[in-house]
Amino acid sequence: PDNANPVFDNFNLTIKKGEVIGLVGPSGAGKTTLMNILLGFLKPTSGAYLIDDVALDEVHKKAFYKKVGYVQQQVYLIDGTIAENVAFGCELDTIDYKKLEAVLKKANLWDVIESTPNGYNEVIGENGTKLSGGQRQRVGIARALYFDSEILFFDEATSSLDSETEKEITNSINNISDGNLTIIIIAHRMTTLEHCDRIIDINTSKIERS
């Protein structure tokens, strides 16, 4: 509110269902601001944010958030089992284990499950200390898939990972992009965005690839 200049001026963006979109640009260009608008955390001071031609407002937010998954640099994990962390907030006797297995495979985590003594009942420690950085990120992906997210946001999810682990996450993202799931990714490294349908430079509003 105290900024004299708008972050965006006459900025237009249409995202089609099933697209994988990469957002790039220098620090301060507005990548996070745009993602916060797309997530419904910020309301544009002018113009409109439409989903299927319906403006996102307080009436529609609850329904919207049921369709959204959000994977950050630090995925919030509890000191519980892999199953509890993927089906986060669900009582143990309500977890759909068939669905759990399916999303763990989609997130490229099944090899981890098979290598642990207790499978998806393996306790991962506080904040996932028994998992690698890449595995923690993939738990976040599996969680979003478990709750039937239709729109998945990655906010610098690979920026703190080494190149090999980043490649694993990129492959996981590619594995879940089936044309039904819409994916928006903020990243500094272009290698993270190699499977994107479009890469948009926020600094210039230019579409780098389509």
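The values are calculated or read from the model by the stated rules, or taken from the named source; none is laboratory data. Please read these numbers as outputs of a predicted model, since none were measured by experiment. Backbone-built Cβ (ideal geometry, glycine too); neighbour counts: all protein chains shown. Heads up: the accessible areas ignore ligands, DNA and RNA and are worked out on the full protein's heavy atoms, side chains in. Shrake-Rupley method; radii C 1.70, N 1.55, O 1.52, S 1.80 Å.
Descriptive notes on the structure:
- Restricted to the stretch 66-152, the set of helices (runs of 4 or more DSSP H) holding at least 1 residues that are of a type in the set (S, T, N, Q), farther than 19 Å from Asn180 by Cα and open to solvent by 30 Å² or more (accessible area, probe 1.4 Å) comprises 110-115, 133-146.
- Considering residues of the stretch 41-60 that are touching a strand residue (DSSP E or B) at 6+ places or on another chain (Cβ under 8 Å) and of a type outside the set (A, V, I, L, M, F, W, C) only, the residue most open to solvent (accessible area, probe 1.4 Å): His60
- Pairs where the first residue, in the stretch 101-123, is closer than 23 Å to Thr170 by Cβ and the second is part of a loop (DSSP other than H, G, I, E, B) and of a type outside the set (S, T, N, Q), C-beta under 8 Å, 6+ apart: Val112/Leu131; Ile113/Glu122
- In the stretch 1-60, the residues that are modelled with pLDDT under 90 and of a type in the set (Val, Ile, Thr): Val7, Val24, Thr32, Thr33, Thr45
- Criterion: under 14 Å from the mean Cα position of the chain (by Cα) and of a type in the set (D, E, K, R) - qualifying residue of Asp96, Asp178, Asp148, Asp111: Asp148
- Conditions (1) in a helix (DSSP H, G or I); (2) under 15 Å from the mean Cα position of the chain (by Cα); (3) of a type outside the set (S, T, N, Q): number failed by Leu23: (1)
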